[in-house]
Amino acid sequence: MMNGLWKFSPVCGKERSLTALFILHSLHHEPKSGYDLLKEIAEKTGDKWTPSKGTLYPILKELEKDQLIQVLQTGKRSKNIFGITPDGEKALLSIREHRKESGEKMLVFKNLLVEIFGQDRSVLDGLLFEIRSIVEDLPAENNDHAFEILEKCVEDLRRIRADACNTR
């Protein structure tokens, strides 16, 4: 069941916001300060969105309280460097394993945006998202067949693009 559109749950455990999920994902790769996380989110969203400090730091405190992250060191000017804990790794893995529900949430959100703003390219973007989701869930023994299908699709799309360029 989908509770909050931007909330994600492990099998057993507390719902986490998209921002909290990204923090766990980011700290899974390397320890960072809150400032580093803000910069990374801005970069990943093409500077279109960055949570405020008033949003980010309470999430960090909650993740720390729930023992999913921990302060690894305190630097100059009391700058905390956070790292993910083993429990944080487990929570992240559990949420990732339930990506089908997460994908469904994103499709619901996409449908709301299409309703508000019209279809334009969002229908294509939705199909690409759905293709990726399906491919990720395929058993390994179907990879060769999926590759053939996608390779043919890419060839057809390149042909469409070439035709469009030739008619301009």
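The values are calculated or read from the model by the stated rules, or taken from the named source; none is laboratory data. In this text, all values refer to a predicted model and were calculated from it rather than measured experimentally. Neighbour counts are summed over all protein chains in view; Cβ atoms, including those assigned to glycine, are modelled from backbone coordinates with ideal geometry. For accessibility, only protein heavy atoms count, side chains too; no ligands or nucleic acids. Shrake-Rupley method; radii C 1.70, N 1.55, O 1.52, S 1.80 Å.
Quick notes
- Summed over the residues of region 39-93 and divided among them, the accessible surface reaches 70 Å² per residue at a probe radius of 1.4 Å.
- Near-label residues of region 34-65 by backbone N, under 20 Å of a point 7 Å along Cα→Cβ of K76: 34-40
- Percent of Cα pairs in region 125-168 per distance bin of 10 Å, from zero to the largest separation: 24, 41, 24, 9, 1.
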